[in-house]
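Everything on this sheet refers to the single structure shown next.
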Amino acid sequence: MPTWNAGPLLDEVLASITAQKGVVFDELQAIDSGSRDGTVERLHKHGFRTASIAQREFDHGRTRDRGIALTTGDIVVMLVQDATLQGTDWLANMVAPFADADVAGVWCRQIPRPKCQPVLARRIRGWPGWGEGVTIKKLAPGKKLEELPPFEQLFLCAFDNVASAMRRSVWQRFPLGPRRFGEDIHFGKRVIAAGLGIAHQGGACVMHSHDRSAWAEGKRTFCDHRNLRGLFGLVGIPTREALDGAILHATKEHLDYVKSLLLPPAEEGPALRWTAEYVKWQCWGQYMGAKAGANLPSPEGTFLRLLGKRLERGIG
């Protein structure tokens, strides 16, 4: 688990980890990036070992690789500091799909926290939409990943290190870093291309969501879609005309959804204002992120690379 100034919520997360029954964690390891709020002390209280790095050294892939290297188990579980395991059988459910020898990694459902913005809560509950059973994704025999349309590639390779597990032997073949962003989907792409499988465990979930500004959500979307263009060639909003249409359509759809919830006026007004801003920055993030992911050898490409370095700062 990578940590940095996790705050009081960490107590809830750690309690959910130590509450597991039957199948339990053999080792608990955190990599902390210079916390000053008692995070390290909380970790130690709940049985975690910790290693420290300077905040400037944090890299989503390489930092996790360092943590994994400090453990010894055949199955490695990756968590984040603000995802609360649901149920005392979470871990038992997560390791069950590894009974299939071809399964390289397992990830699970997420549910939003109570104060999550309505449109975000709906998105979290709906992704990836495979229900509560176990879904194993593999390439069809004789198929190559790059032969599939971009969206099919994404759904086939989807993997999320908010709460996941992987075989150590597979990690040794496909380490996560160095990778500033999207180390999980990058791992998913490589193991699927190698003919292995990824399991989604719908019978396990964590509570996880963020209380970000609409602008912060847009920055993350930019990074997501820059990554998806580079990995799969995925372009959701290809032109400025399509961008204008997407903002117009999505604004109406999302605002209508919020209104349908019949929230109290004191909640509805702020939610509607946040949603309108969210749609705008989500669409711009998709459009500009995909352009940046093309990595163009031109002045425009240089500008987008510099923009990306600025926008990815602080993205967790």
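So here's what we get for this one:
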| read-out | value |
| --- | --- |
| Residue within the stretch 163-179 that is touching a His at 6+ places or on another chain (Cβ under 9 Å), surrounded by fewer than 16 Cβ atoms within 10 Å (Cβ to Cβ), within 12 Å of Arg109 (Cα to Cα) and touching a residue at least 60 places away in the same chain (Cβ under 8 Å) present | no |
| One residue from Asp32, Asp82 being of a type in the set (D, E, K, R), under 20 Å from the mean Cα position of the chain (by Cα), buried (at least 19 other Cβ atoms within 10 Å of the Cβ) and more than 19 Å from Asp160 (Cβ to Cβ) | Asp32 |
| Counted residues, the stretch 35-64 - those being out of contact with any helix residue (DSSP H, G or I) (no Cβ under 8 Å at 6 or more places or on another chain) and either of a type in the set (Phe, Trp, Tyr) or closer than 19 Å to Ala163 by Cβ (or both) | 1 |
| Given (1) farther than 17 Å from Val13 by Cβ; (2) at pLDDT below 95, index of the condition Lys115 fails | (1) |
| Number of the exception - Ile315 against (1) over 30 Å from Glu147 (Cα atoms); (2) outside any loop (DSSP other than H, G, I, E, B); (3) modelled with pLDDT under 95; (4) β-branched (Val, Ile, Thr) | (2) |
| Any hit, the stretch 172-182, residues being farther than 14 Å from Val77 by Cβ, within 15 Å of the chain's Cα centre (by Cα) and either part of a helix (DSSP H, G or I) or at pLDDT 95 or above (or both) | no |
| Test: residue in the stretch 87-106 that is touching an Asp or Glu at 6+ places or on another chain (Cβ under 8 Å), closer than 23 Å to Cys205 by Cβ and not hydroxyl-bearing (Ser, Thr, Tyr) | no |
| Matching residues, the stretch 96-122, being under 19 Å from Gln86 (Cα atoms), surrounded by fewer than 21 Cβ atoms within 10 Å (Cβ to Cβ) and of a type in the set (D, E, K, R) | Arg113, Lys115, Arg122 |
| Sole residue being in contact with a helix residue (DSSP H, G or I) (Cβ under 8 Å, 6 or more places away or on another chain) and not assigned by TED's automatic domain parsing to the domain that holds Glu132, chosen from Leu248, Leu306, Leu272 | Leu272 |
| Filter pass, Val206 being among the hydrophobic types (A, V, I, L, M, F, W, C) and part of a strand (DSSP E or B) | yes |
| Residues within the stretch 125-138 that are surrounded by 18 or more Cβ atoms within 10 Å (Cβ to Cβ) and either part of a helix (DSSP H, G or I) or in contact with a Pro (Cβ under 9 Å, 6 or more places away or on another chain) (or both), tallied | 1 |
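The values are calculated or read from the model by the stated rules, or taken from the named source; none is laboratory data. Since the structure is predicted, the reported quantities are computational estimates derived from the model, not experimental observations. Note that each Cβ is placed from the backbone with ideal geometry, even for glycine, and that neighbours are counted across all protein chains shown.
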